[in-house]
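The values are calculated or read from the model by the stated rules, or taken from the named source; none is laboratory data. Just so it is clear, the structure is predicted and the values come from calculations on it, not from any experiment. With ligands, DNA and RNA removed, areas are computed over all heavy atoms of the protein, side chains included. Shrake-Rupley method; radii C 1.70, N 1.55, O 1.52, S 1.80 Å.
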Amino acid sequence: VVDRSGSMAYAANEPTNWPNTPAAAPDGWWFCDAAPPQSRWRDLVAAVDAFLAELNSSPQQEKVSLSSYSTWASTDLSLTHDYTQVQSAMAKYSTNFCGGTTNIGGGISSGYSALTDPSHERSWTSKVMVVMTDGNHNVGLDPVTAAHTASAGGVTVFTVTFSEEAAKDTMMDVANAGFGKHFHATTSADLVAVFQEIARLLPTLLTR
């Protein structure tokens, strides 16, 4: 479950400065153009690629879905074994990054629906949601409430915060409500390492 709000267009070490455009954006850039080359979104794409590579190298055969959120949340891809579809779904936002506000609770609800979709889920599997944000929830369903609902439905919720602007305390509460674990990253390299760690530790975390 990934954040595509407006702040994700800025660099990890750059404060969000709406309505000024990100420092790395080309002249004339505006939202709904391609995401700037040094944006948090591009960092996230690299981290998701690393996450999928780790899953590909593991002995388990996991299904992955993709949900995303800004002002509104969406399920961009149902559960699948084909990880290239996840990358393609991310790429659509890379080429048309419109931003918006930050509806983390909506993203969690969308992710929960994807994980429990009877036409794609597998019986007797462990269901895990990884929720990433670089900011603060400011519209829609309370994310802690959404995490409680997901947990009650058999989904473990892990959270990842990125950049110093992210609401770490809130996302720790979300992870606690989802009986998961919270991770924090401040740089692009940190974010890649966090997603790799989650993929590597996932079997251990699930059996605690």
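Calculate the radius of gyration of the Cα atoms of segment 118-208 to one decimal place, then report Dmax, the largest Cα-Cα distance, as a whole number, both in Å.
Rg, Dmax (Cα atoms, Å): 13.4, 39.
Per-residue HN-Hα couplings for segment 58-67, Karplus 6.51 cos²θ - 1.76 cosθ + 1.60 at θ = phi - 60°, whole Hz, x for Gly and Pro?
With coefficients 6.51, -1.76 and 1.60, one gets 8, x, 6, 10, 9, 8, 10, 10, 10, 10 Hz.
First compute the accessible area of segment 96-208 with a 1.4 Å probe, then give the percent of it belonging to carbon and sulfur atoms. Please list the in-between numbers first.
Working: 2630 of 5020 Å².
Here it works out to 52 percent.
Using Cα centres only, tell me the gap between segment 1-41 and segment 119-151 in whole Å.
Distance between centres, Cα-based: 25 Å.
Sort Trp30, Trp18 by accessible area with a 1.4 Å probe, largest first. Each step should come with its number before you reach the end.
Numbers: Trp30 110, Trp18 160 Å².
From most accessible down to least: Trp18, Trp30.
Taking the chain as the reference, fit the longest principal axis to its C-alpha atoms, fit the long axis of helix 83-95 to the helix C-alpha atoms, and give the angle between the two in degrees, 0 to 90, nearest 10.
Approximately 20 degrees, to the nearest ten.
May I ask you to compute the full-extension gain from Asn136 to Asp173, defined as 0.36 nm times their residue separation minus their alpha-carbon distance, rounded to one decimal in nm? Walk me through the numbers before you get to the answer.
Working: separation 37, 0.36 × 37 = 13.32 nm, distance 1.29 nm.
Value of the extension gain: 12.0 nm.
How much length would be gained if the chain were fully extended between Cys98 and Ser74, taking 0.36 nm per residue of separation minus their Cα-Cα distance, in nm to one decimal?
On the way: separation 24, 0.36 × 24 = 8.64 nm, distance 1.40 nm.
Extending this stretch completely gives an extra 7.2 nm.
Per q in 0.15, 0.18 Å⁻¹, report the Debye log10 I(q)/I(0) for the chain, using one uniform scatterer on each alpha carbon and no solvent.
So the normalised log intensities are -0.88, -1.30.
If you plug each phi of segment 175-180 into the Karplus form 6.51 cos²θ - 1.76 cosθ + 1.60 with θ = phi - 60°, what whole-Hz ³J(HN,Hα) values come out, in order, with x for Gly and Pro?
Running phi through 6.51 cos²θ - 1.76 cosθ + 1.60 with θ = phi - 60° gives 5, 5, 5, x, 6, x Hz.
So which residue, out of Ser58, Ser123, Ser70, gets the largest mean-square fluctuation from a GNM of the chain using Cα contacts under 10 Å as springs?
Ser123
Please enumerate, by chain and number, the aspartates and glutamates with C-alpha under 17 Å from the C-alpha of Lys127, excluding those fewer than 8 residues away in the same chain.
Partners within reach: Glu62, Asp117.
Considering amide H positions built from the backbone, and no H for Pro or chain starts, which residues 5 or more places from Gly180, or on another chain, come under 5 Å of its amide H?
Val157
How much of the accessible area of segment 1-71, probe 1.4 Å, is carbon plus sulfur, in whole percent?
Solvent-exposed carbon and sulfur of segment 1-71 make up 49 percent of the total.
Quick one: which residues, 5 or more positions from Val131 or on another chain, have an amide H under 5 Å from its amide H? H modelled 1.01 Å from N in the peptide plane, none for Pro or chain starts.
Phe158, Thr159, Val160
Accessible area per residue of segment 36-132 at 1.4 Å probe, in Å²?
Numbers: 4340 Å² over 97 residues.
On a per-residue basis, 45 Å².
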